[in-house]
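Comments concern the structure below.
Here, each number is a calculation from the coordinates, and none is a lab measurement. Quantities reported herein were computed from a predicted structural model and do not represent experimental measurements. Here Cβ is always computed from backbone atoms with ideal geometry, including for glycine, and neighbour counts include all displayed protein chains.
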């Protein structure tokens with residue numbers, strides 16, 4: 001993952017956006033969306049390696065936590081997508097939509113982590129005398 | 001799926017702007033509207049396919 005390539009693509013997207021803002025205002029948003037997509041997909045290669053590493057580590061640990069690692073990965077994926085959506089909306093000036101996406105993302109993450117919270121509470125209650 | 005899609009978008013945008021100017025100067029307002037709409041649709045389909053690729057990659061990487 002060559003950081004120079006990433007920064008270069010970022011600058012190229014910036015230039016394309018500025019040029020498009022000059023000619024056609026609404027095409028700038030498409031350029032920024034596509035630039036974001038290109039930069040994100042470039043970094044997904046490394047992310048999948050990290051995910052594989054995490055999975056290998058979680059198999060080695062003794063107690064049964066198969067659900068936790070997958071849940072963590074799901075939450076990270078949701079966070080990545082929510083951050084992508086909100087930043088695009090804020091760029092184009094629609095902070096209201098950005099906050100709605102943020103809100104929905106938080107709700108989904110909380111609803112997904114409820115089983116883990118209940119499991120933690122149960123184990124805690126067992127520890128108490 | 002590298003940088004050339006960005007340049008494609010820029011090319012289509014500038015081309016549509018120029019065609020719009022020419023047609024509106026030539027007095028054909030409706031055709032100018034049609035071409036800008038067509039350009040918008042072309043760019044939209046490109047962007048939508050790229051967005052679906054992104055969502056697919058995210059789904060496979062994080063097994064959502």
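Average partner chain C-beta neighbours within 10 Å, per residue of A:67-73?
Details: counts 0, 0, 0, 3, 0, 1, 4.
Other-chain Cβ atoms within 10 Å of each residue's Cβ, averaged: 1.
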Practice problem: Within 10 Å of each residue's Cβ, count the other Cβ atoms and sort A:86, A:123 from fewest upward. | Solution: A:123, A:86
Quiz item: Roughly what would the spin-label model give for residue A:96 and residue B:30, points 7 Å off Cα along C-beta, in nm?
Solution: 3.5 nm
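Would you mind giving the average projected area, over all directions, of the Cα convex hull of segment A:1-42 in nm² with one decimal?
Values: hull surface 9.9 nm².
Dividing the Cα hull surface by four gives the mean projection, 2.5 nm².
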Practice problem: Ignore the peptide's own chain and count Cβ atoms of other chains within 10 Å of each Cβ in A:42-49; give me the average, rounded. | Solution: 2
Self-check item: Residue order, fewest to most beta carbons within 10 Å, for B:44, A:128, B:64, A:20
Solution: A:128, B:44, B:64, A:20
Practice problem: Multiply the residue gap between residue A:61 and residue A:128 by 0.36 nm, knock off their C-alpha separation, and tell me the result in nm, one decimal place. | Solution: 21.6 nm
Quiz item: Among A:24, A:60, A:5, what is the fewest-to-most ranking by other Cβ atoms within 10 Å?
Solution: A:60, A:5, A:24
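Give me the mean projected area, in nm² to one decimal, of the convex hull enclosing the Cα positions of chain B.
Values: hull surface 18.9 nm².
Answer in nm², one decimal: 4.7.
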Quiz prompt | GNM flexibility winner over chain A from A:117, A:15, A:38 (Cα, springs under 10 Å) | solution = A:117
Quiz item: What angle, in degrees between 0 and 90 and rounded to the nearest 10, separates the Cα long axis of helix A:95-127 from the longest principal axis of the Cα atoms of chain A?
Solution: 10 degrees
Quiz item: Hey, what angle do you get for helix B:29-62 against the long axis of chain B, alpha-carbon based, 0 to 90 degrees rounded to 10?
Solution: 10 degrees
Quiz item: Across every pair of different alpha-carbon atoms, what Kirkwood hydrodynamic radius in Å does chain A reach?
Solution: 17.8 Å
Quiz prompt | Tilt relative to chain A, helix A:66-91 - C-alpha long axis, 0 to 90 degrees, to 10 | solution = 20 degrees
